[in-house]
Amino acid sequence: MDSILIKDTTREQREQIVADSLGNISAYCDGCSAGLAEMYQDYIDGVKELREINMEFNARYVSGREGPGRSGCGMR
């Protein structure tokens, strides 16, 4: 596969791209990685490109605005 753009991939290919990028997140028992998979759902669904999702995440990180929530990580 040469391109990861939505127009060049099927839903199944996008699911595999995300799974390959994140690794085996189902093996983590603390629940921290589940939010990462949810963050990329718009890409899998063909709504937003990976670039857009990553830019939005980085903008929240730099600005301090609320981003995807975390649960089960022991952070209180």
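The values are calculated or read from the model by the stated rules, or taken from the named source; none is laboratory data. Since this is a predicted model, take the numbers as computed values, not measurements. Neighbour counts are summed over all protein chains in view; Cβ atoms, including those assigned to glycine, are modelled from backbone coordinates with ideal geometry. Ligands, DNA and RNA are excluded from the accessible area calculation, which covers all protein heavy atoms including side chains. Shrake-Rupley method; radii C 1.70, N 1.55, O 1.52, S 1.80 Å.
The test for being among the aromatic types (Phe, Trp, Tyr), open to solvent by 70 Å² or more (accessible area, probe 1.4 Å) and modelled with pLDDT under 55 holds for Tyr28. Sort out which residues of region 1-25 are assigned to a helix (DSSP H, G or I), modelled with pLDDT under 90 and open to solvent by less than 70 Å² (accessible area, probe 1.4 Å), and write them in order of number. Result: Ala19, Leu22, Ile25.
If only residues of region 32-66 that are modelled with pLDDT under 85 and assigned to a loop (DSSP other than H, G, I, E, B) are counted, the one that is least open to solvent (accessible area, probe 1.4 Å) is Ser33.
Only one of the numbered conditions (1) modelled with pLDDT under 95; (2) surrounded by 15 or more Cβ atoms within 10 Å (Cβ to Cβ) is not met by Gly69, and that is (2).
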